4 protein chains.
Amino acid sequence: MRDKTDQIIRAAINVFVKKGFLQATTQEIAKEADVAEVTLYRKFSTKQNLFETVIKKVLENQFQTKIIKIAEENTDSFFLKILDDRLETLSKNHKMIKMLLAESLMGNLSNDLNFPVLIFNGLKKGIQLHFDCMNINANVELVAQQIGGILLSNVLFINGAPYFELTHEEKKVILNHHLQSLKANL
Amino acid sequence: MRDKTDQIIRAAINVFVKKGFLQATTQEIAKEADVAEVTLYRKFSTKQNLFETVIKKVLENQFQTKIIKIAEENTDSFFLKILDDRLETLSKNHKMIKMLLAESLMGNLSNDLNFPVLIFNGLKKGIQLHFDCMNINANVELVAQQIGGILLSNVLFINGAPYFELTHEEKKVILNHHLQSLKANL
Amino acid sequence: MRDKTDQIIRAAINVFVKKGFLQATTQEIAKEADVAEVTLYRKFSTKQNLFETVIKKVLENQFQTKIIKIAEENTDSFFLKILDDRLETLSKNHKMIKMLLAESLMGNLSNDLNFPVLIFNGLKKGIQLHFDCMNINANVELVAQQIGGILLSNVLFINGAPYFELTHEEKKVILNHHLQSLKANL
Amino acid sequence: MRDKTDQIIRAAINVFVKKGFLQATTQEIAKEADVAEVTLYRKFSTKQNLFETVIKKVLENQFQTKIIKIAEENTDSFFLKILDDRLETLSKNHKMIKMLLAESLMGNLSNDLNFPVLIFNGLKKGIQLHFDCMNINANVELVAQQIGGILLSNVLFINGAPYFELTHEEKKVILNHHLQSLKANL
DNA sequence: GATGAATGAGGATTCATTCAT
DNA sequence: TATGAATGAATCCTCATTCAT
């Protein structure tokens, strides 16, 4: 039984990512999951509910931050690791992210699943922690916005290769650029 | 006759902004425009077509940049004016922007209407121009991404008051913060 | 003004023949006639009316029989000339005929425009006349049906070249075949 | 479940025969079948599809010929039986036939459902078979056309009572007439 | 006489969801 | 638990026709 549930969730992820919430149909999801459409309703009662379940699952599994663990490292290392880690994750889940952003923007996601908000709050908390550790007195809000902006622009303004496919050197250039920017206001 | 067309466009803007492309119905638009649904089809032939017409119009009227005009000013002034101008516009059209972003992310917008792409390319061109004027040798792509990120984060991470409602002083703090960041890599 | 009316009728013939009554749209006819859609309504008040006008016109111009003129010729000549004349006309107006038949079958044509009925009655009258002249005592109804059948089968069962494109010899074979059949019951 | 499907098919036959393909509405069919309109779409996916399914079914059930079985009988018997059998069937399904013909003429039927073509080919095959058996050397094409014509004229030129309601004597007159015609060219 | 603008009515089709087994 | 069958509600769109100029 767990089996069918998993099949449905996997299928739902695919279809939602490919089509978005509104254009995904329970029919297609059921078909992709190789399950009767009703089965899906038995388990999730509602398309919206299935969607949220899926999102929750994804958010837990793919986008956990370890930001707190590194809060105590020195500032350069802290920023570099955050940026590298997040850019890696975002670029690897590009399509998923786009969908999450889109659905957040359309208001289809309850606040505890709102992707940009989650990112932003996560960043703020981590940065606050680090600044406390390091006794830095700077505008947490703005720094968080700055880092968030860097991340977003990597999702929305992509031309060339995604971050995770860059060479070590190329990544270093980018990371360093952003690091300088961030340190300019400390 | 222009009259009804305008009514329709105005209504369409409202409804599309409020609901997004998929959930907006031609019926609702017609009703809000106080026009028979058919009239709308006579004039725009298709919901998609109406949508694109509306977007095009909005993009022309609301989001024209004067970035080129200020490319020759000194770097501080250049960055500050861009940021201030864009933040003002974006924050004033917050809901519209969200819709534009969402639809772009969902792939409902042909490339010449793709909002983030348009912003990013506009920024790049302006920055390139300025750097040429000033004989600055820096990574245009990354600077554009940086500015783009700042703008995006103001759309997506808003908690408090929107930019355009801030006091002169508050704006100054923000602008200055970002200016320092930008100059760190020149 | 006659001008526009004629344009409309010509266009209507084309479109009705191409699409049939139901699938022809007044829009398409107007466009093909290079006339505003309303103009068509000014002149014909109704799609049905336009259709009937067109049919009437076509029936008068294209399908007039001279069957009465030849009623006095000898029987062989009479039958041969009828068959040849009708087959020539029908094969030259193949698409039009198909449309007329179809619309008759669908009941879209008032009785005085009902194509098969018109043909059948015309045949009966001519045959009766001829039989009276020649003092032949035979079943007019059945002979008319027979000739009608020959004509219909040439419209509906066409494989090869249409009648009017055949050589003189080929036509002769066909005509003779049918002549023998017809004479078998006199 | 077969139940509802059958209800729909029966209703569809009625409505299509009464109104033709274009003017029949899925709504009316659903209503007559006492079924929700959607149910019809679940089962047949498309109005066109439903139509073709219905036609196929009708063609199989009502218009099967046993022409091959009688190919070996003597010529008189062969022709008489064909004519009688087909005239009986056609006259009993007069409205259905009219619809089938009309839709064929309008080009709404794929070739394997094209009614006149099916009839004609059936006739040709049977006649060929018979001629082979009997060592008759005659123009199969023309004979098939002739028989086809007889049948068609009985569908299209009806005034009086339909064939199947005639007395034995009346039928005999008609059949004999046509038999003489047919034999005239052997 | 001709037309641009507008519309009421209706049609096929799709979707999320429920019922009964 | 799983599902085949059924559906109410809605959506985009088309068409013949009328109004006002």
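Return a yes/no flag: does the stretch C:94-103 have any residue that is modelled with pLDDT of 90 or more and farther than 23 Å from residue D:104 by Cβ. No, there is no match, as no residue in the stretch C:94-103 is modelled with pLDDT of 90 or more and farther than 23 Å from residue D:104 by Cβ. Flag not set for residue D:129, criterion: within 11 Å of the chain's Cα centre (by Cα) and either in contact (Cβ under 8 Å) with a residue 12 or more places away in the chain or not in a helix (DSSP H, G or I) (or both).
Filtered by the rule that a residue be surrounded by 16 or more Cβ atoms within 10 Å (Cβ to Cβ), free of Cβ contacts under 8 Å to residues at least 40 places away in the same chain and not in a helix (DSSP H, G or I), the stretch A:149-186 gives A:157, A:166, A:184.
Tell me, yes or no, whether the stretch C:28-47 has at least one residue that is closer than 30 Å to residue D:94 by Cα, not small (Gly, Ala, Ser) and not assigned by TED's automatic domain parsing to the domain that holds residue C:158. Yes, some residue in the stretch C:28-47 is closer than 30 Å to residue D:94 by Cα, not small (Gly, Ala, Ser) and not assigned by TED's automatic domain parsing to the domain that holds residue C:158. When the helices (runs of 4 or more DSSP H) confined to the stretch B:33-108 are screened for residues that are within 14 Å of chain A (Cβ to nearest Cβ), aromatic (Phe, Trp, Tyr) and away from DNA strand F (no atom under 13 Å from the Cβ), those reaching at least 1 such residues are found at B:75-92.
When residue B:137 is tested against the conditions (1) in a helix (DSSP H, G or I); (2) away from chain A (no Cβ under 12 Å), the lone failure is (1).
Within the stretch C:90-110, the presence of a residue that is within 21 Å of the chain's Cα centre (by Cα), within 16 Å of DNA strand E (Cβ to nearest atom) and not assigned by TED's automatic domain parsing to the domain that holds residue C:151 is excluded. Filtering the stretch C:36-48 for residues that are closer than 22 Å to residue C:144 by Cβ and of a type in the set (A, V, I, L, M, F, W, C) leaves an empty set. Which count do you get for residues in the stretch A:29-69 that are within 30 Å of residue A:128 (Cβ to Cβ), under 16 Å from the mean Cα position of the chain (by Cα) and surrounded by 12 or more Cβ atoms within 10 Å (Cβ to Cβ)? Summing the residues that are within 30 Å of residue A:128 (Cβ to Cβ), under 16 Å from the mean Cα position of the chain (by Cα) and surrounded by 12 or more Cβ atoms within 10 Å (Cβ to Cβ) in the stretch A:29-69 gives 10. A single member of B:19, B:92, B:47 is over 30 Å from residue B:174 (Cβ atoms), in contact (Cβ under 8 Å) with a residue 12 or more places away in the chain and out of contact with any Pro (no Cβ under 6 Å at 6 or more places or on another chain), and it is B:47.
The values are calculated or read from the model by the stated rules, or taken from the named source; none is laboratory data. Model, not experiment: these values are computed from the prediction. Quick reminder, even Gly has a Cβ in these numbers, built from the backbone with ideal geometry, and neighbours come from all protein chains shown.
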